[in-house]
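J.: Mind looking over this structure? Questions follow.
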Amino acid sequence: MSQKVVLDEETIKRSLTRITFEMIEQHKTLKDVVLVGIKTRGITLAYRIAQRMKALEEFDIPVGELDITYFRDDIIRDPNLEKPSLPFSIVDKQVILVDDVLFTGRTIRAALDAIMSLGRARSIALAVLVDRGHRELPIRPDYIGKNIPTSSEENIQVELIENDGIDRVSILK
């Protein structure tokens, strides 16, 4: 299996800074905005975006962690699995879901179901570090770090310092 690095530490940092600026520009105020990271690396990215917002706007944006396993359509649901919860209410909030890679859209569909099970948000947007295409559902990100077209035989591997000890995005063939 070959590996081609397409984003390094500096490029990831710049991409997240750009996403953060776009979020700030699109919201008149951040007081009703919450970030919800999708387990696992989406959570890490959400916290990084929150840190950048704090540095740029001196505002602590709430960050929640979302495990979408309960809502996945590709596994048999474990009856002992708990529905997700967040440490804050999303009712009437502007929720920004954060994930590492957008591929078929099925993870995001599950995340939308999970968010909607928690209440009625004012709006839900999507931020991804990498959009690789190949959608199976009509889902489109609002904030994109990098578009990386891939073949269906290729995989995108996102590694983050907090999870993997290194920041890089690679295409695996």
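J.: Out of everything in region 82-124 that is among the small types (Gly, Ala, Ser) and buried (at least 18 other Cβ atoms within 10 Å of the Cβ), what residue ends up being nearest to residue 38 (Cα to Cα)?
T.: Result: 111.
J.: In region 20-42, is there at least one residue being among the hydroxyl-bearing types (Ser, Thr, Tyr) and in contact with a Gly (Cβ under 9 Å, 6 or more places away or on another chain)?
T.: Within region 20-42, not a single residue is among the hydroxyl-bearing types (Ser, Thr, Tyr) and in contact with a Gly (Cβ under 9 Å, 6 or more places away or on another chain).
J.: For region 149-169, check the following and say yes or no: at least one residue is under 17 Å from residue 96 (Cα atoms) and part of a strand (DSSP E or B).
T.: Within region 149-169, not a single residue is under 17 Å from residue 96 (Cα atoms) and part of a strand (DSSP E or B).
J.: Separate question: Step by step: first the residues of region 1-41, then only those that are of a type in the set (Gly, Ala, Ser) and closer than 23 Å to residue 151 by Cα, then the one that is modelled with the lowest pLDDT. Which residue is that?
T.: Among those that are of a type in the set (Gly, Ala, Ser) and closer than 23 Å to residue 151 by Cα, it is 2.
J.: Sticking with this one: In region 93-119, how many residues are under 16 Å from residue 140 (Cβ atoms) and in a helix (DSSP H, G or I)?
T.: Summing the residues that are under 16 Å from residue 140 (Cβ atoms) and in a helix (DSSP H, G or I) in region 93-119 gives 6.
J.: Restricting the search to region 120-130, which residues are among the aliphatic types (A, V, I, L, M) and in a strand (DSSP E or B)?
T.: Selection gives 124, 125, 126, 127, 128, 129, 130.
J.: I'd like to verify a number: residues in region 125-140 that are buried (at least 17 other Cβ atoms within 10 Å of the Cβ) and more than 15 Å from the chain's Cα centre (by Cα), how many?
T.: Qualifying residue count, region 125-140: 0.
J.: Give me a count of the residues in region 23-50 that are under 15 Å from the mean Cα position of the chain (by Cα) and not aromatic (Phe, Trp, Tyr).
T.: Final tally of qualifying residues: 18.
J.: A further question on this structure: Could you list, in sequence order, all residues of region 88-101 that are in contact with a strand residue (DSSP E or B) (Cβ under 6 Å, 6 or more places away or on another chain) and within 19 Å of residue 70 (Cα to Cα)?
T.: 97, 98, 99, listed by residue number.
J.: State all residues of region 141-173 that are closer than 16 Å to residue 126 by Cβ and exposed (fewer than 13 other Cβ atoms within 10 Å of the Cβ); if no residue qualifies, say none.
T.: 147
J.: Additional query: Among the strands (runs of 3 or more DSSP E) confined wholly to region 1-81, which include 3 or more residues that are exposed (fewer than 14 other Cβ atoms within 10 Å of the Cβ)?
T.: Once the strands (runs of 3 or more DSSP E) in region 1-81 are filtered for at least 3 residues that are exposed (fewer than 14 other Cβ atoms within 10 Å of the Cβ), what remains is 3-7.
J.: All but one of (1) modelled with pLDDT of 95 or more; (2) touching a Phe, Trp or Tyr at 6+ places or on another chain (Cβ under 7 Å); (3) farther than 23 Å from residue 22 by Cα hold for residue 83, so report the exception by its number.
T.: (1)
The values are calculated or read from the model by the stated rules, or taken from the named source; none is laboratory data. Here the structure is a predicted model, which means the values were calculated and not measured. As a convention, Cβ positions derive from the backbone with ideal geometry for all residues, glycine included, and neighbour counts pool all protein chains shown.
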